[in-house]
Amino acid sequence: MEIAPFGRRLAALFADWALSYFVAVFLSRFNLGGITGLQYLVFVLEVTFFTSLLKGSVGQRLMNLKVVSYPDGDFLPISRSLLRTILLVLIIPVLFTSNGRGYHDVLANSIVTNA
């Protein structure tokens with residue numbers, strides 16, 4: 001499986017982060033807490049569930065990317081999707097392997113490919 005280009009993966013991350021920000025701003029109008037904590041929660045929920053159910057978050061689907069189980073290419077189970085997303089929030093993807101996969105993908109046995 002070929003790893004998706006870094007630029008498109010980064011653009012997808014920014015799209016998901018922007019979406020979670022706007023949802024958090026909308027929800028904060030209903031006094032559901034601070035925007036920052038709520039934004040993290042929205043981001044984790046959105047990325048985890050869409051990655052597990054649709055093989056990609058909203059941003060990844062917009063960038064024509066998909067996240068699949070490695071090496072078989074199947075859907076990523078929700079537990080591994082959650083692990084991957086938590087590692088993503090903790091900035092683990094800044095570390096890359098020699099083949100270009102982020103360590104969050106290595107630890108979750110996943111890979112981001114072109115859709």
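All conditions in (1) open to solvent by 90 Å² or more (accessible area, probe 1.4 Å); (2) at pLDDT 95 or above; (3) not in a helix (DSSP H, G or I) hold for VAL67, with the sole exception of (1).
Checking each residue of the stretch 16-24 against the condition of being assigned to a loop (DSSP other than H, G, I, E, B) and either within 12 Å of the chain's Cα centre (by Cα) or among the polar types (S, T, N, Q) (or both) gives no match. Taken over the stretch 49-64, the criterion of being buried (at least 19 other Cβ atoms within 10 Å of the Cβ) and of a type in the set (A, V, I, L, M) is satisfied by MET63 alone. Of all residues in the stretch 53-83, those that are free of Cβ contacts under 8 Å to residues at least 24 places away in the same chain, among the polar types (S, T, N, Q) and in contact with a strand residue (DSSP E or B) (Cβ under 7 Å, 6 or more places away or on another chain) total 0. Just a yes or no: is a residue in the stretch 92-101 open to solvent by 90 Å² or more (accessible area, probe 1.4 Å), assigned to a loop (DSSP other than H, G, I, E, B), in contact with a Phe, Trp or Tyr (Cβ under 9 Å, 6 or more places away or on another chain) and among the hydrophobic types (A, V, I, L, M, F, W, C)? Checked the stretch 92-101: at least one residue is open to solvent by 90 Å² or more (accessible area, probe 1.4 Å), assigned to a loop (DSSP other than H, G, I, E, B), in contact with a Phe, Trp or Tyr (Cβ under 9 Å, 6 or more places away or on another chain) and among the hydrophobic types (A, V, I, L, M, F, W, C). Condition check for ARG84 on (1) within 18 Å of TYR103 (Cα to Cα); (2) open to solvent by 20 Å² or more (accessible area, probe 1.4 Å): one failure, at (2).
The values are calculated or read from the model by the stated rules, or taken from the named source; none is laboratory data. All values derive from a computational prediction rather than experimental measurement. Glycine also receives a Cβ, built like all others from the backbone with ideal geometry; neighbour counts cover every protein chain displayed. All accessible areas refer to the heavy atoms of the entire protein, side chains included, with ligands and DNA or RNA removed. Shrake-Rupley method; radii C 1.70, N 1.55, O 1.52, S 1.80 Å.
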